[in-house]
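**Student:** I have a structure here, written as structure tokens, and I will follow up with some questions on it.
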Amino acid sequence: MIGQLPFTATPRYNFPTEYQNLQLPHNFIELSLRSMRKLDGECLVPAAISLSDSVESHPSLYAPSPSNYESQSLRSIPLKPSQQPATIIAIDVSNIKLGETDSGLLIAIRAAVVWMRNRQYRYLRLGPFPFHITEQNKQKICHLFRAHNFQTSPNSQITPKLTDTHNRISNLLECWLQMNISTRSQDSIVLWDGSLTAGTPDNPMQFLSKLLETARNRLNRILAFAKTTTLRIGNQVLTDLTTETPSPCLIQVKSIPLNPSTPLRFLGNIYVTRFARSNCSFRLDIDKNLPIEEGIAAVEQLLGNDMLYQGYPETLRLAHIYSTFTASEVIGIQRFIAQTHGLRIIMRPNLRRLLFGPFGKGVDA
Amino acid sequence: MKLYKKEGNTVQVLGFPTEEIEKGEYLLVEDPKRCRSLVLQVIDIQFANIPGILEELLRNSTDDRNIYGENFDPIEVAPHITYIQDARMLVCKIRGTLQNGEPSLSSAWLPSRSQSHIRKLSTTSLLANAKVNSSRPINLGEARDSSSITIDAHLLDGKLNIVTGKKETGKSHISKLLVLSLIDYGAPVVVLDLNGEYTNLGLSRTGEKTEYYKKVCILCPGENFKVTLAQTNLRVVLNILFHALDLPGTSAREFRRIWKSLKEQDALTMRRLGESIRNRQCNLHVRDALNSRYYSLVNSGFFTDNQEEAISLKESFKALQDGGALIINLRNTSTIDRQIVVEFILSKLIELLTQWRLRAVFLFAEEAHLYLRETYWDDIVTRMRHFGVFTTFVTNQPSTIRENIYRQADNIFLFNFTNEHDLEAVSRAARVDAETVKSIAHDLHPHHCLVLGRVVRDYPVVVKVRALDVQTMGQTRLFFTDQN
Ligand SMILES: Nc1ncnc2c1ncn2[C@@H]1O[C@H](COP(=O)(O)OP(=O)(O)O)[C@@H](O)[C@H]1O
Ligand SMILES: [Mg+2]
């Protein structure tokens, strides 16, 4: 189902052979281009560049608050880094709002895949892909994506609000990449940014379990790291949990009771990492259907192979770094759209603010 | 390019990587609504302060590890991003205004930031606009854009010039170029050649005689350049005694008496002078003082009693009438002898000029501080200039030239300097702001020179000085001569 691109892609000799022709679905690029076609003559009011814009739309944020908690449900697992060679692959996707047009929202998305083998890192960046999301095309965008990724009927989903669409698109791209890497690699440790919580509009159960199954079948082990989590145990944020066990270790959270009414499901076992002595902890989800020991072994191999920075795997950190946008890139992309699609960039003074000061209420928020 | 900011005389222009610009080049800011343009000169090129650039750099320098990577960028956004990231800030100085093709130095207006169009201004059209053209062109070399740069010999006439820069950058070379060009236009030139570098001015690179061979006369003091006392004015001898040989006043008075009596007897020879001093009935100290000075004069080998040996400067200068150079080779001359010779030459020059035997002389003085006495400096820029001595100082030690000389200089040919102290000294030149001098001179390549002053109508211009078909020699004495 992966359409080949009409675009020339240089052969990637530096990459493991199985990824040398990793390419995006044709639809994706087409969509990006098509979405901008109607831009000619429109005005763009650039978004104030706040770089945290591109952060986290990950399902972990949607996670529910468990109502009660018992301390027996925690287990500390000491870790012994294993030098056994492993290929580590990390995937991350970022999106940023470039600004508002007369008819919608201009965003850009970029994905990064980083491979680590024998302490050598290689990266592949995909993008940036600008998208112009309007009320007219947002549905189409989401449908096309969904159709491509989930192969479910397009009508089965409610379309998101305009302002959520960009998170949605980048999620879809991420899923597509995750699927691709899962199918193409073997016996690798695959790092994701986020959690294995399913049941959100972005991460339907069906798709996520299929993804995990594909990975399992090819002996890949998926470790999903979340930098932030809203999961709490009692009134404690998960990542604030402490343990007597010396680092490196994992704290397994054996059960988090879910509100019966929520559609959310945890497809992974949930752990809190304590890799470094510093108190940097992350939520780590490992596929539930993978034998626990195998999951732990994968973490030990990760520790023995990858570098850690503030208790965070370097491969994943690089994927994050390579996908996020810097301010100068944002200006460059705005310039690209202005030059190639006739968009006029204007600095529209905020009239409401000029007239009423920062207290003006209403639609402009 | 886009106008970004103006502060005082400085304008910042945002430049993009596709526009090749180097320091020293000119820009024209055309304001279509006002029909006039601002002439700017780029004096420094900096990185533009792009938002997020630090992040970008930090991101791309992950430790010392070499991270291979590729970008799949089918939509081709990347070039636009690099375009932004490689933007540069051109720091420019306002050099004037062009209105209907007429240049003026006014800069009391500001072109529109949004409407103005900025383009490169070639040195040729800059100088053409500035009406630098003449009947007596001197081709200095070429500008960055390969157009040739020509100055007007008229604008060297009656002027005070300075050639300065580090060693080996091409100061003597441009001086030779100017000397030969002046000879071409029939001007008499005197070169005080400290290192004997100008002695082959009449020979081509391959050693053949050139058209200049007959017009260049080399004088080596003590060898083919000797004079008799009779040719020498008492005033000149006294100057030598005072300034070169530090003779005290009382002794000088005694010397004058001796001189006068010898002159009355028509016996002004070195031999008789020596006898007279020895036999003089006077204070012992005075006699000793005179005696030691006498031997200095003898030892210089510059004075002779043999009429045949002596040359007549009057005749030498006459030979220059239709263009020619007198090269005074001071290479093998001691410090004191140099002063004796220079003292003699300059007073002879003034003498001939006051008698109108010479109309004017272009004097090139290399490292003048090594032989020119203190009081001559002011004299050269005032009185002597008035008589028709038009001096070009050539030095690699700009601090040896006093500030007032810089202020009076009409033209400065500035080569590379890296030393802050040297740059500071040169930047005092009143003809241009210190910032321009420091920024541009610091990055000049060898054989490239920043020309300041009247010859370029006060538009500082960087020139790659053209080569000359002249044999070079004698600058540096080397021990290892088998290899270069
Ligand atoms: N414009 C030029 N083209 C070719 N050679 C040059 C040029 N300027 C200087 N040179 C050569 O470079 C060397 C140093 O130049 P010179 O004029 O003696 O330097 P300086 O007087 O500044 O010490 C000489 O050998 C000279 O011939
Ligand atoms: Mg020299």
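**Student:** Using just the helices of the protein assembly as shown, give the 222 nm mean residue ellipticity in deg cm²/dmol: DSSP H runs with n ≥ 4 each add -39,500 (n - 2.57), and the total is spread over all residues, rounded to 500.
**Tutor:** -9000 deg cm²/dmol
**Student:** Could I ask something else about it? Could you check how many percent of all C-alpha pairs in the range B:296-424 are farther apart than 25 Å?
**Tutor:** In whole percent, the share of Cα-Cα pairs in the range B:296-424 beyond 25 Å is 33.
**Student:** Buried by at least 50 Å² relative to the chain on its own: which residues of the range B:27-62 qualify, computing accessible area with a 1.4 Å probe on protein heavy atoms?
**Tutor:** B:Pro51, B:Glu55, B:Arg59
**Student:** Using only protein heavy atoms and a 1.4 angstrom probe, determine the accessible area buried between A and B, summed over both sides, in Å² to the nearest 100.
**Tutor:** Between A and B, the summed buried area is about 3000 Å².
**Student:** For the protein assembly as shown, what are the per-bin percents of Cα-Cα distances with bins 20 Å wide, up to the bin holding the maximum?
**Tutor:** 13, 29, 21, 18, 13, 6, 0
**Student:** Percent of accessible area on chain B owned by carbon and sulfur, 1.4 Å probe?
**Tutor:** On chain B, the fraction of accessible area on carbon and sulfur atoms equals 47 percent.
**Student:** A follow-up question, please. Residue farthest toward the positive end of the dipole of the protein assembly as shown, with Cβ of Lys/Arg at +1 and Asp/Glu at -1: which of B:Gln41, B:Leu262, B:Val426?
**Tutor:** B:Leu262
**Student:** May I have the convex hull volume per residue, in Å³, for the Cα set of the range B:2-129?
**Tutor:** Normalising the Cα hull of the range B:2-129 by residue number yields 143 Å³.
**Student:** Something else about it: Carbon and sulfur together cover what percent of the accessible area of the range A:213-292 at a 1.4 Å probe radius?
**Tutor:** 47 percent
**Student:** Ignoring ligands, DNA and RNA, what accessible area per residue does the protein assembly as shown give at 1.4 Å, in Å²?
**Tutor:** Each residue of the protein assembly as shown exposes 45 Å² on average to a 1.4 Å probe.
**Student:** Ordered by residue, what ³J(HN,Hα) values in Hz, to whole numbers, does the range A:121-134 give under the Karplus form 6.51 cos²θ - 1.76 cosθ + 1.60, where θ = phi - 60° and Gly and Pro are x?
**Tutor:** Whole-Hz 3J(HN,Hα) from phi for the range A:121-134: 9, 9, 10, 10, 9, 10, x, x, 10, x, 10, 10, 9, 10.
**Student:** Charges only on Cβ, +1 for Lys and Arg, -1 for Asp and Glu: so what's the dipole of the range B:360-418 about the Cα centre, in debye to the nearest 20?
**Tutor:** 120 debye
**Student:** Excluding B:Ile340 itself, calculate the net charge of residues whose Cβ lies under 15 Å from the Cβ of B:Ile340, where each Lys or Arg counts +1 and each Asp or Glu counts -1.
**Tutor:** +2
**Student:** Further question: I'd like the antiparallel share, as a percent to the nearest 5, of DSSP beta bridges with both residues in the protein assembly as shown.
**Tutor:** Antiparallel bridges: around 70 percent, rounded to the nearest 5.
**Student:** Express in whole angstrom the spacing between the alpha-carbon centres of the range B:187-264 and the range A:77-138.
**Tutor:** 83 Å
**Student:** Towards the positive end of the charge dipole of chain B, with charges on Cβ (+1 Lys, Arg; -1 Asp, Glu), say which of B:Leu194, B:Asn139, B:Leu444 has the farthest Cα.
**Tutor:** Of the candidates, B:Leu194 comes out farthest on the positive side.
**Student:** Please compute one quarter of the surface area of the Cα convex hull for the range B:80-202 and express it in square nanometres.
**Tutor:** The directionally averaged projection comes out at 12.4 nm².
**Student:** Still on this model: So what's the net charge close to B:Ile53: Lys and Arg +1, Asp and Glu -1, counting the other residues with Cβ under 11 Å from its Cβ?
**Tutor:** Local charge sum for B:Ile53: -3.
**Student:** Now for a different question. Rounding to the nearest 20 debye, state how big the charge dipole of the protein assembly as shown is about its Cα centre with +1 on each Lys and Arg Cβ and -1 on each Asp and Glu Cβ.
**Tutor:** Dipole about the Cα centre, nearest 20: 1300 debye.
**Student:** Would you grab the residues whose amide H sits under 5 Å from the one on A:Cys43? Only those 5+ places off in sequence or on another chain, please, with H modelled 1.01 Å from N.
**Tutor:** A:Asp102, A:Arg344
**Student:** If you build the convex hull over the alpha carbons only and average its shadow over all orientations, what do you get for the range B:229-300? Give it in nm² to one decimal.
**Tutor:** 4.3 nm²
**Student:** Something else now. Anything in chain B that counts as a DSSP H helix reaching 18 Å or more along its axis (C-alpha) with Kyte-Doolittle mean of at least -1.0? List them, would you?
**Tutor:** The qualifying helices are B:171-184, B:284-300, B:335-354.
**Student:** Using a 1.4 Å probe on the heavy atoms of the protein chains only, list every residue of the range A:314-333 that has 20 Å² or more less accessible area in the complete assembly than in its chain alone.
**Tutor:** By number: A:Leu318, A:Ile321, A:Tyr322, A:Thr326, A:Ala327, A:Ser328, A:Glu329, A:Ile331, A:Gly332.
**Student:** Moving to a separate point now. Of B:Leu126, B:Gln12, A:Ile233, which is farthest towards the positive pole of the protein assembly as shown's charge dipole, taken about the Cα centre with +1 and -1 on the beta-carbons of Lys, Arg and Asp, Glu respectively?
**Tutor:** Of the options given, the answer is B:Leu126.
**Student:** Using a simple charge model, +1 on the beta-carbon of Lys and Arg, -1 on the beta-carbon of Asp and Glu, nothing else, what dipole does chain B show about its Cα centre, in debye to the nearest 20?
**Tutor:** The dipole of chain B has a size of about 2020 debye.
**Student:** Compute the orientation-averaged projected area for chain B from the convex hull of its Cα atoms and round it to one decimal in nm².
**Tutor:** With the hull built on Cα positions only, its mean projection is 31.9 nm².
The values are calculated or read from the model by the stated rules, or taken from the named source; none is laboratory data. The structure displayed is predicted, hence computed values, not measured ones. So basically every Cβ, Gly included, is an ideal-geometry build from the backbone, and we count neighbours across all protein chains shown. To get the accessible areas, we keep the full protein, side chains included, count just its heavy atoms, and leave off ligands, DNA and RNA. Shrake-Rupley method; radii C 1.70, N 1.55, O 1.52, S 1.80 Å.
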